[in-house]
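Peer 1: The structure is given below, and queries will be raised subsequently.
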Amino acid sequence: MKIHGVVSMTLMIILSTLVAVGGAPSSVSPGSKAPVFALKDVDGKEHSLDQYLKSKFVVVMFIATQCPISNDYNERMVKLHDQYASKDITFLGINPNKQESISEVKAHAAKNGFKFVVLKDANNVVADEYGAQVTPEIFVIDNKGVVRYHGRIDDSRDEDDIESRDLAAALDLLLVGKDVPKAETKAFGCSIKRVKK
Amino acid sequence: MHTLVFGLLVLLNNTMGTGGARPAIIPVDEASLRGIVDESRGKVVLVNFWATWCKPCIEEFPDLLKLRKEYGEEKFRLVFVTIDEPKKADREVRAFLRKMGVEFDTYIKNVKNDEAFINSVDSHWGGAIPATFIYNAQGRLVHSLVDEQTFDDLSVLIRPLVREVKTHSQERRSTP
């Protein structure tokens, strides 16, 4: 009975750690190994994280088609891609929302001129593994597969009010071999619309 | 200073030229939001973060209002905090609240540092909305929920907490 109690308590502690905020598992933190994944793009072609770890860094962006905040960042994501692609950094968009179909994701990518690959995360499997909660949400992964930055693109929805360009600053530091001092940031965004499991 | 000026503007707007009292939309920061929870000790408090541009927030709004009706104001307090831009407070936010029939004061985020505000509510919260936080009658955060909730989902969590709350008359009866 006593052992049963200890086991139950241990399980409860583990569960509360895994599901820190109801509906979303805990995020993969900087310094942790990034979960590997293989997802199909909007044309049905499979892409794995492994194949992109040949780049210096991979920027994984959880994005949405219908979230007004994520959409406010469409242009900024394109600009960041244009700025850093030539520096051997790969950008991958991942759409994990259950109500946003592959055809919708494809049309959205074309309309917004995304030059980076956009993948559909059916049943939010990868979002769950990364503990992504919000769109837009960024994970920067180095070529050893370790997360080096997690969080926001910058600190303002309105481009005129940006005071901290967190993602660009993180990439600039990482490119010269430095650590990111504030490797985890937050901003308001839309919840990821998950399937119930 | 920023908060004070904005607060005065909201107060003036709430009291002038309306031809009658209307519910206020009060600016909040980390400290004042914690103060709202603390001053509500003795009640179960549900804090909901929403915005006019957030579809699931709008969809769950009627269910939250139903909870307030179900559990009454003596043992339960519903706190709406919109993260809309304060300059929108008097147009979109007020129009939406009116449409929903909200006749009590609600709140609007008015902070410079969103990250600090998010962490002050729950360090595990990534900033996704809709988000709902439930505090027990002792002011302790007991449930953190992101995404759209239903009346039934929340009721399962709130009912046992409300049951633990003693009414004033129960307290008087139990006093020797």
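Peer 1: If you average the sequence gap of Cα pairs under 8 Å that are 6 or more apart and divide by the length of the range B:60-111, what percent do you get for the contact order?
Peer 2: Dividing the mean separation by the residue count of the range B:60-111 yields 44 percent.
Peer 1: From the square roots a ≥ b ≥ c of the eigenvalues of the alpha-carbon gyration tensor of the range A:21-191, which class results: rounded (a/c under 1.5), prolate (a/b over b/c), or oblate?
Peer 2: Cα axes put the range A:21-191 in the rounded bin.
Peer 1: A further question follows. Among A:132, A:85, A:64, which one shows the biggest mean-square fluctuation in a GNM of chain A, springs joining Cα atoms closer than 10 Å?
Peer 2: The residue that fluctuates most here is A:85.
Peer 1: What size of dipole, in debye to the nearest 20, comes out for the range B:2-166 about its Cα centre when the only charges are +1 on Lys and Arg C-beta atoms and -1 on Asp and Glu C-beta atoms?
Peer 2: My answer is approximately 480 debye.
Peer 1: Any idea what the relative contact order of chain A is, in percent, if you count C-alpha pairs under 8 Å spaced at least 6 apart?
Peer 2: 26
Peer 1: Over all residues in A:144-155, what is the mean tally of Cβ atoms on other chains that come within 10 Å of each residue's Cβ?
Peer 2: Mean number of neighbouring Cβ atoms from other chains: 1.
Peer 1: Take residue A:66 and residue A:125, extend 7 Å from each Cα along the Cα→Cβ direction, and tell me the distance between the two endpoints in nm.
Peer 2: The modelled label-to-label distance comes out at 2.3 nm.
Peer 1: Within 10 Å of each Cβ in peptide A:74-87, how many partner chain Cβ atoms are there on average? Round it to a whole number, please.
Peer 2: 0
Peer 1: I would also like to ask the following. Would you mind telling me which residue in A:51, A:99, A:133 has the biggest mean-square fluctuation in a Gaussian network model of chain A, where springs connect alpha carbons within a distance under 10 angstrom?
Peer 2: Result for chain A, Cα springs under 10 Å: A:51 fluctuates most.
Peer 1: Within the range A:116-145, what residues put their amide N at less than 17 Å from the label point 7 Å along the Cα-to-Cβ vector of residue A:87?
Peer 2: Those under the cut-off are A:139-143.
Peer 1: From other protein chains only, count the Cβ atoms within 10 Å of every residue's Cβ in A:177-190, then give the mean.
Peer 2: For peptide A:177-190, the averaged partner shielding equals 4.
Peer 1: Of the DSSP beta bridges with both residues in chain A, give the percent that are antiparallel, rounding to the nearest 5.
Peer 2: 65
Peer 1: Rounded to the nearest 20 Debye, what is the dipole magnitude of the range A:21-191 about its Cα centre when Lys and Arg each give +1 and Asp and Glu each give -1 at the C-beta?
Peer 2: So the magnitude is around 500 debye.
Peer 1: Sticking with this structure for a sec: Fully extended, how many nm does the chain gain between residue B:24 and residue B:59 (0.36 nm per residue separation, minus their Cα-Cα distance)?
Peer 2: Full extension of this stretch gives 10.4 nm more.
Peer 1: DSSP beta bridges in the range B:2-166, what fraction antiparallel, as a percent rounded to 5?
Peer 2: Antiparallel: roughly 45 percent of the beta bridges in the range B:2-166.
Read-outs throughout are calculated quantities, based only on the coordinates presented, and are distinct from any laboratory measurement. Since this is a predicted model, take the numbers as computed values, not measurements. Quick reminder, even Gly has a Cβ in these numbers, built from the backbone with ideal geometry, and neighbours come from all protein chains shown.
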